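> First the structure, which I've put down as structure tokens, then a few questions once you've had a look.
The values are calculated or read from the model by the stated rules, or taken from the named source; none is laboratory data. Here the structure is a predicted model, which is why all the values come from computation and not from measurement. Reconstructed Cβ throughout: ideal geometry from the backbone, glycine too, with neighbour counts over all protein chains shown. The protein model used for the area step is the full one, side chains on, heavy atoms only, and it has no ligands, DNA or RNA in it. Shrake-Rupley method; radii C 1.70, N 1.55, O 1.52, S 1.80 Å.
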Amino acid sequence: MGRFTPDYLAPWVPRLLSAGKVYLGFSGGLDSTVLLHALCRQIPAQKLTAVYIHHALQAEATAWQQGCERFCRNLGAGFLALPVSVSTDSGSLETAARDARYKAFAGLLKETDLLLLAHHRDDQIETVLYRLLRGSGPRGLAGMPGVRAMGSGTLLRPLLGIGRCSLEQYALEQHLTWVEDPSNLSLEHDRNFIRHRLVPLLQGRWPETDKRLLRSAALCREADALASDLAAEDIETLGEQRQRRGWSLPLSAMLALSGPRLANLLRFWILYRRIPVPGHGALASAMAELATARQDAVPLISWRGGELRRYGSRIYLSDNLPAIDPAQSGTVWRGDSELYLPGGSRLAAARAEQGGLLVPANGDLEIRFRSGGERCRPVGRSGSNSLKKLFQEYRLEPWLRDRMPLIYIDGMLAAVGDLFVCEGFQARQPRSGLRFLWYYPEAQGGGG
């Protein structure tokens, strides 16, 4: 395994120097203290910003934050403290704190930014065991990746090949001090039980437990890579389509795959689109429910972070659709800038070379949402019809119909999003009108 020195980080230096910003998750504990100190011997300290996540779970948290700030100031590195709110409504305290921490990190990163975390070899072994006991498949048993996307940037774990004892030796040689979080000793937390009870027990019986677990993790990474490649080929072959919100695949082609191959496709499709993946059992039952629902039904399978729907002959995938309040109708807009709408969608306008919506003299457009009973006669049609029938005709997904922005002029329905302009409100030559684009930005995921 070898002794840890700053030279161990040398292969990462070119990437760190070329990054936009370099952040380091910094708790003041042994691992992140050593990583920050060693990095400052490899690259200019000014290039680094240590990020302290204040969970407010320990009485000493504020004092730890102050100590971290002093340590960074002495090294010449930047320091940033981010308070987070930890809710345990949906699971354990460990999971909730981790989710809050990663969400805060992801929110920091721009496209060229890097986040470094100080997970080491012992952490990797604990992760593999933890996931094994939770019934994870090859992807989970592969352990923590050394490099992966996070938010708009990239997460790096440069210490995965170094054991904690080597980091502790380095800290003692460099006369470093660090924080010992008392919660790390509590056997109520699953990872602590694995670290303090299970790992020593296994090592006492099988001295090469660490090597064997890491070898199994490496084999699982290979299997996961092969499964990922197969899923990518299937997604391309099936013909994934980008939708207004999310993506879709053809149901019949999905069902033509074998059971294991379909499960593999679904899992990696969700992962590829950076949406949290539900458990294996939930995923299997979800697909069965979507496939067997009535032809005219629009079944929904929802979990924390994602949704699967069926509409017509396709399966739709997206992150969770935010709720909207129809009472938020009535926004006045002039079409001269992008309009952010309730629920996360956006409405943009541009001049049309011909046709489009004729803007009134005062330039005011009123944006409303469907309340029921609206009718319209699209340009070129012989008669009017209900908005409900027109949405069906234009194949607008049912879950987006109450979210489609309706454009009114002087209290009259003049255009329906980017679907059509109503008769009597179109621009005619030589005058130009406005054409609209209604869309949802592609969601960015977090992760583990």
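> Apply the Karplus curve 6.51 cos²θ - 1.76 cosθ + 1.60, θ = phi - 60°, to the phi angles in the stretch 430-438 and return the couplings in whole Hz, x for Gly and Pro.
Computed from phi, the couplings for the stretch 430-438 are x, 7, 9, x, 9, 10, 10, 10, 10 Hz.
> Taking 1 over the mean of 1/r across every pair of different Cα atoms in the stretch 338-448, what Kirkwood radius in Å do you get?
That comes to 14.9 Å for the stretch 338-448.
> Would you please calculate the Kirkwood hydrodynamic radius of the chain over all C-alpha pairs and express it in Å, rounded to one decimal?
Across the chain, the inverse of the average 1/r is 25.6 Å.
> Where the convex hull is taken over the Cα atoms of the stretch 196-271, what is its projected area averaged over directions, in nm²?
7.6
> Next question. Placing +1 at every Lys and Arg Cβ and -1 at every Asp and Glu Cβ, with all other atoms neutral, what dipole size does the stretch 1-82 have around its Cα centre, in debye to the nearest 20? Intermediate results must be reported in sequence, preceding the final value.
Values: 7 positive and 4 negative charges, 55 e Å.
It works out to roughly 260 debye.
> In percent, how large is the relative contact order of the chain, given Cα pairs closer than 8 Å and 6 or more residues apart?
On the way: 718 pairs, mean separation 51.9, N = 448.
It comes to 12 percent, rounded to a whole number.
> Kindly give Rg over Rh for the stretch 1-45, based on alpha-carbon atoms, with the Kirkwood expression for the hydrodynamic radius. Intermediate values should be presented prior to the final figure.
On the way: Rg = 10.8 Å, Rh = 11.3 Å.
Taking Rg over the Kirkwood Rh, I get 0.96.
> Give me the 1.4 Å probe accessible area per residue for the chain, excluding ligands and nucleic acids, in Å². Could the numbers behind the result be given before it?
Details: 22590 Å² over 448 residues.
For the chain, the solvent-accessible area averages 50 Å² per residue.
> Oh, and also: Tabulate in residue order the Karplus-calculated ³J(HN,Hα) for the stretch 203-209, using 6.51 cos²θ - 1.76 cosθ + 1.60 with θ = phi - 60°, rounded to whole Hz; enter x for Gly and Pro.
5, x, 8, 10, x, 9, 3
> Relative to the longest principal Cα axis of the chain, at what angle does helix 61-75 sit, 0 to 90 degrees, rounded to 10?
Long axis of 61-75 versus the principal axis of the chain: about 80 degrees.
> Next question. Expressed as a whole percentage, what fraction of the accessible surface of the stretch 342-448 belongs to carbon and sulfur atoms when a 1.4 Å probe is rolled over the protein heavy atoms?
Accessible surface attributable to carbon and sulfur in the stretch 342-448 totals 45 percent.
> Now for a separate question. Let me spell out the model: positive unit charges on the Cβ of Lys and Arg, negative unit charges on the Cβ of Asp and Glu, origin at the Cα centre of the stretch 302-345. What dipole size does that give, in debye rounded to 20?
The calculation lands at about 280 debye.
> Measure nothing but the geometry: give the 0 to 90° angle between the long axis through the Cα atoms of 164-173 and the longest principal axis through the Cα atoms of the chain, rounded to 10°.
60
> Kindly provide the helix-only [θ] at 222 nm of the chain, computed as the sum of -39,500 (n - 2.57) over DSSP H runs of four or more divided by all residues, to the nearest 500 deg cm²/dmol?
After summing the helix terms and dividing by residue count, I get -10500 deg cm²/dmol.
> Report in % the part of the accessible area of the stretch 128-181 that belongs to carbon and sulfur, leaving out ligands and nucleic acids; probe 1.4 Å.
On the way: 1300 of 2410 Å².
The value for the stretch 128-181 is 54 percent carbon and sulfur by accessible area.
> Follow-up question, since we're still on this one. Per 0.36 nm of contour for each residue apart, how much would the distance between Thr62 and Leu226 grow if the chain were fully extended, relative to their Cα-Cα spacing?
54.4 nm
> How far is helix 280-292 tilted, in degrees, relative to the longest principal axis of the Cα atoms in the chain, given as a value from 0 to 90 rounded to the nearest 10?
For helix 280-292, the angle is close to 20 degrees.
> Taking 0.36 nm per residue of sequence separation and subtracting the Cα-Cα distance, how much length would be gained by fully extending the chain between Ser252 and Glu338, in nm to one decimal?
Using 0.36 nm per residue and subtracting the Cα-Cα distance, I get 27.2 nm.
> Right, something else. Which value, in debye to the nearest 20, describes the size of the charge dipole of the chain about its Cα centre when Lys and Arg Cβ atoms bear +1, Asp and Glu Cβ atoms bear -1, and nothing else is charged?
Values: 54 positive and 45 negative charges, 156 e Å.
Dipole of the chain, to the nearest 20 debye: 740 debye.
> What is the local net charge at Ser371, summed over the other residues whose Cβ is closer than 14 Å to its Cβ (Lys, Arg +1; Asp, Glu -1)?
+2
> Find the Rg to Rh ratio for the stretch 1-94, where Rh is the Kirkwood radius over alpha-carbon pairs and Rg uses the same atoms.
Computed over Cα atoms, the ratio is 1.03.
> Using a Gaussian network for the chain with springs between C-alpha atoms less than 10 Å apart, which of these wobbles most: Ala142, Ala231, Ala81?
Among Ala142, Ala231, Ala81, the largest GNM mean-square fluctuation belongs to Ala81.
> Using the basic label-point model (7 angstrom from Cα toward the beta carbon), what is the Thr112 to Cys165 distance in nanometres?
4.3
> Another question about this same structure. Under a crude label model (7 Å from the Cα following the beta-carbon direction), how far is Arg197 from Glu233 in nanometres?
Going from the Arg197 label point to the Glu233 one covers 4.6 nm.
> For Arg15 and Leu133, calculate 0.36 nm times their separation in residues minus their Cα-Cα distance, and state this gained length in nm to one decimal.
Numbers: separation 118, 0.36 × 118 = 42.48 nm, distance 3.56 nm.
Taking Arg15 through Leu133 to full extension adds about 38.9 nm, to one decimal.
> For an R0 of 51 angstrom, estimate the FRET efficiency from the Cβ-Cβ distance between Arg205 and Ala81 and round to the nearest 0.05.
Values: r = 44 Å, r/R0 = 0.86.
About 0.70, to the nearest 0.05.
> Can you compute the modelled spin-label distance between Arg381 and Arg215, with each label point 7 Å from Cα toward Cβ, in nm?
The answer from the label model is 6.9 nm.
> Hey, what D do you get for the stretch 34-183 in µm²/s if you plug the Kirkwood alpha-carbon radius into Stokes-Einstein at 4 °C and 1.567 mPa s?
In µm²/s, the coefficient rounds to 76.
> What FRET efficiency comes out for Ser432 versus Val298 if R0 is 51 angstrom and r is the Cβ-Cβ distance? Round to the nearest 0.05.
According to the calculation, E is roughly 0.85.
> Turning to a different aspect of this structure: To check my understanding: the extent here is largest minus smallest coordinate of the Cα atoms along each principal axis. What are those three numbers for the stretch 113-218, in Å, largest first?
So the extents along the principal axes, rounded to whole Å, are 39, 35, 27.
> Still on this structure, I have one more. In a GNM of the chain with a 10 Å cut-off on Cα contacts, which of Thr127, Thr292, Thr33 has the highest mean-square fluctuation?
For the chain, modelled as a Gaussian network with Cα springs under 10 Å, the answer is Thr292.
> If the stretch 255-322 were replaced by its equivalent ellipsoid, with semi-axes equal to the square roots of 5 times the Cα gyration tensor eigenvalues, what would those be, largest first, whole Å?
For the stretch 255-322, the semi-axes come out at 17, 16, 10 Å.
> Check cross-link reach from Lys47 to the aspartates and glutamates: straight Cα distance under 20 Å, and skip same-chain residues fewer than eight apart.
Straight-line reach from Lys47, under 20 Å: Asp7, Asp31, Glu69, Glu111, Asp113.
> With every protein chain left in place, what is the accessible area of Glu233 in Å² (1.4 Å probe, nearest 10)?
110
> How many angstrom lie between the C-alpha centres of the stretch 211-236 and the stretch 1-80?
What the calculation gives is 32 Å, centre to centre.
> So the label point goes 7 Å from the Cα of Ala352 along Cα→C-beta, right? Which residues of the stretch 378-396 then have their backbone N under 13 Å from it?
378-381
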